[in-house]
Amino acid sequence: MKERPLVLDEVDRRIIEELQRNGRESYKNIARKLGVSDGTVRLRTERMIKNDYLRITASVNPLYFENSLIAMVGINLEERANPAIMEKISKVNGVQSVINVSGRFDLLVEVFVQSRNAFRQFLVDDLSNVGCIKSTETFMFLDAIDKWAEHKE
């Protein structure tokens, strides 16, 4: 049986809000706040996760440690951006996300690494091994409000 497309209602949105406040909150507590059963919260959360709409993860403050670096790297490619090159870049150590954009860059790549040496390796060695990259421009995050990232080693 084919699953229906995901359509969110107010209860779904409120579940998401509660999980954004605290991803470890119990379904029972969320249900009490929303005035629904904990089964409703569990089933709706599982449905959103199954449909790749929701992911519950632990995030870290990438600017917490003085030596870690977070940056957005604008990339111009020799050819048009495609899923294969985006996937290849997404596998490079430190990459948080790869975004196909309009504007002066073909791709924007968010990178979070633990040191200046790791960032040099990303830019000089790892991106070179990907191939098809014509040029890059790096935008280092100097400070941020409410910026979180996945910790990847």
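Listing for the model above:
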{"item": "Identity of the residue in region 65-98, assigned to a loop (DSSP other than H, G, I, E, B) and under 18 Å from the mean Cα position of the chain (by Cα), that ends up surrounded by the fewest Cβ atoms within 10 Å (Cβ to Cβ)", "result": "Lys91"}
{"item": "Test for Gly74: is it under 30 Å from Phe139 (Cβ atoms) and either in the same structural domain as Val95 (by TED's automatic domain parsing) or at pLDDT below 90 (or both)", "result": "yes"}
{"item": "Selection status of Val41, of a type in the set (A, V, I, L, M) and over 30 Å from Ser135 (Cα atoms)", "result": "yes"}
{"item": "Residues satisfying the stated conditions in region 127-151, i.e. free of Cβ contacts under 8 Å to residues at least 60 places away in the same chain and touching a Ser or Thr at 6+ places or on another chain (Cβ under 8 Å)", "result": "Leu127"}
{"item": "Residues of region 79-97 classified as closer than 22 Å to Phe141 by Cβ, of a type in the set (A, V, I, L, M, F, W, C) and out of contact with any Asp or Glu (no Cβ under 8 Å at 6 or more places or on another chain), total", "result": "2"}
{"item": "Whichever residue in region 1-20 is in a loop (DSSP other than H, G, I, E, B) and among the basic types (Lys, Arg) and, among such residues, is modelled with the lowest pLDDT", "result": "Lys2"}
{"item": "Candidate set from region 21-64 (those that are assigned to a loop (DSSP other than H, G, I, E, B) and of a type in the set (Val, Ile, Thr)); member that is surrounded by the most Cβ atoms within 10 Å (Cβ to Cβ)", "result": "Val36"}
{"item": "Residue selected from region 99-128 under the condition surrounded by 16 or more Cβ atoms within 10 Å (Cβ to Cβ) and of a type in the set (D, E, K, R), by the criterion nearest to the chain's Cα centre (by Cα)", "result": "Glu110"}
{"item": "Residue list for region 129-153, filter: loosely packed, with under 12 Cβ neighbours inside 10 Å, closer than 14 Å to Ile89 by Cβ and at pLDDT 95 or above", "result": "Lys134"}
{"item": "Conditions (1) assigned by TED's automatic domain parsing to the domain that holds Arg104; (2) among the hydrophobic types (A, V, I, L, M, F, W, C); (3) touching a residue at least 60 places away in the same chain (Cβ under 8 Å); number of the one not met by Ala84", "result": "(3)"}
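The values are calculated or read from the model by the stated rules, or taken from the named source; none is laboratory data. The structure displayed is predicted, hence computed values, not measured ones. FYI the Cβ positions are ideal-geometry reconstructions off the backbone, even for glycines, and counts take in every protein chain you see.
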